[in-house]
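Note sheet for the following structure.
The values are calculated or read from the model by the stated rules, or taken from the named source; none is laboratory data. Given the structure is predicted, the values throughout are model-derived calculations rather than measurements. When we count neighbours, we look across all protein chains shown, and the Cβ atoms used for this are built from the backbone with ideal geometry, even at glycine. Accessible surface areas use protein heavy atoms only, side chains included; no ligands, DNA or RNA. Shrake-Rupley method; radii C 1.70, N 1.55, O 1.52, S 1.80 Å.
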Protein chains: 2
Amino acid sequence: MTLNTSGYLPHIAYDSVIFGFSGEKLKILLIEYHNTGWLALPGGFVKVNEPLDEAVKRGLRERTGLDQIFLEQFYTFGSLERVKPEIMKKILTAHDKDISDDHWLLDRFISVGYYALIDYDKVEPTPDALSDSINWYDVDQIPELLFDHNFIVKKALDHLRTHLDEKLLSVNLLPERFTMKELQQVYEAILGEKLNRANFQRKMLSLGILDRHEKLYSGGSHKAPYLYSIKKKG
Amino acid sequence: MTLNTSGYLPHIAYDSVIFGFSGEKLKILLIEYHNTGWLALPGGFVKVNEPLDEAVKRGLRERTGLDQIFLEQFYTFGSLERVKPEIMKKILTAHDKDISDDHWLLDRFISVGYYALIDYDKVEPTPDALSDSINWYDVDQIPELLFDHNFIVKKALDHLRTHLDEKLLSVNLLPERFTMKELQQVYEAILGEKLNRANFQRKMLSLGILDRHEKLYSGGSHKAPYLYSIKKKG
């Protein structure tokens, strides 16, 4: 094996599932590769002397312009089904005609999955060198993706749903102050189901993670809602 | 980079935290390397054409003699602090004097962490080619381990503690039928704290994952305890 990996570790990649909340829908970012119409998760590689976490942060910064992101590793994908050198070859050839058959990117990769929760309104999605575009897609309408990326999205959603209450503490999906109704909308978008309003409010208050503030003044209404924020740690 | 990796993927390893319950204490298996006195987690490497999960199962089978093991991935470790080629060189040299400076095992490795829950009484711990011995250690008295292995153990324990109720469904830490007291002992050993008997019983029954069977006959006692088993799925 004699490969020029351009300063990256061979065989190791990461894929990122970047969640944003549009106010109504939970969405993720997908890239479209040059001249193929193929969709995939944004991902990347780890430099020889770069910590794994830093590599992922670097990739997210390049794709979203954001620096302070809630980012978490959730699973590492190492099956043989995900090895598809012929597809990778087409992607690389669409970018550069001269790809040799022993190019390091045609080898088997084990990919570490990360998910990010970002502020939908602040992000400026930016395509990378191999892709034409990067866009938001509803999580309940994800098209067919390359490799095992549909499975990776499913695993990320499973993880987010299981740990929703604890993740909420560090989440960027809401403005700093929000109503109980807005909070319920985030939960419903992530869980993909409608929730009972009274039960939801009771559960949220019982978690002890919310601070209640003054009522939102809405011009004389008797039903002005309270505003809440996530309790600061410490 | 021209390396003979003997059919394994370079740069990718796994480490396994193998939990067993002695009846009183939660324990893990540690290996001791040849002629060094150094302790570490049992780990290994992934063959070029082997799924990641299969590689870990193969390693566990070789070390424990067990085939049916509850095994789960929990985190992938990719910091630079874990890269210690001088220590790896000493370990390899203790086994074989002729280790060249570009040996593939001296390179940087990203390691996928798995934990296993095994039946303490059924296991026959077996050292690998590089180690003198493999033995059980109490989780609350883990000595200093090589590389970042103390951190890996901590992460595995955090994960197990957070997901204890759901993991219980597939756990091998208990006999097929057990008393509520035995179940509480497993929880206390894993959580590292004493639990209130009445609260514990109420919580366990409310989870809806236990089947209750006939009382354990213990020779005329009026306090013969019920036996329980984990509900079969489906």
(request) Considering (1) in a helix (DSSP H, G or I); (2) open to solvent by 30 Å² or more (accessible area, probe 1.4 Å), say which one A:Arg63 fails and leave the rest. (result) (2)
(message) Being among the β-branched types (Val, Ile, Thr) and open to solvent by 20 Å² or more (accessible area, probe 1.4 Å) is the filter here; which residues of the stretch B:37-54 pass it?
(response) B:Val48
(request) Specify which of the listed residues (A:Arg61, A:Arg82) is assigned by TED's automatic domain parsing to the domain that holds A:Leu117 and within 13 Å of A:Ile118 (Cα to Cα). (result) A:Arg61
(request) Taking B:Asp158 as meeting all but one of (1) open to solvent by 40 Å² or more (accessible area, probe 1.4 Å); (2) part of a helix (DSSP H, G or I); (3) more than 14 Å from every other protein chain (Cβ to nearest Cβ), write down the number of the exception. (result) (3)
(request) Select from the stretch B:1-36 the residues that are within 14 Å of chain A (Cβ to nearest Cβ) and part of a loop (DSSP other than H, G, I, E, B) and write down the one among them that is least open to solvent (accessible area, probe 1.4 Å). (result) B:Thr5
(message) Any residue that is within 14 Å of another protein chain (Cβ to nearest Cβ), of a type outside the set (A, V, I, L, M, F, W, C) and more than 28 Å from A:Tyr75 (Cβ to Cβ) - is there at least one of those in the stretch B:120-142?
(response) no
(message) Taking the conditions exactly as written (of a type outside the set (Val, Ile, Thr), within 14 Å of another protein chain (Cβ to nearest Cβ) and open to solvent by less than 50 Å² (accessible area, probe 1.4 Å)), does A:Leu92 satisfy them or not?
(response) no
(request) Among what's in the stretch A:68-87 and is more than 8 Å from every other protein chain (Cβ to nearest Cβ), assigned to a loop (DSSP other than H, G, I, E, B) and not charged (D, E, K, R), pick the residue that is farthest from A:Asp107 (Cα to Cα). (result) A:Gln68
(message) Please go through (1) open to solvent by less than 20 Å² (accessible area, probe 1.4 Å); (2) of a type in the set (A, V, I, L, M, F, W, C); (3) in contact with a helix residue (DSSP H, G or I) (Cβ under 7 Å, 6 or more places away or on another chain) for A:Leu105 and return the number of the only condition it doesn't satisfy.
(response) (1)
(request) Among residues belonging to the stretch A:37-66 that are more than 14 Å from chain B (Cβ to nearest Cβ) and in contact with a helix residue (DSSP H, G or I) (Cβ under 6 Å, 6 or more places away or on another chain), point out the one that is nearest to A:Leu145 (Cα to Cα). (result) A:Ala40
(request) Quick one: count up the residues across the stretch A:133-189 that are among the basic types (Lys, Arg) and modelled with pLDDT under 95. (result) 4
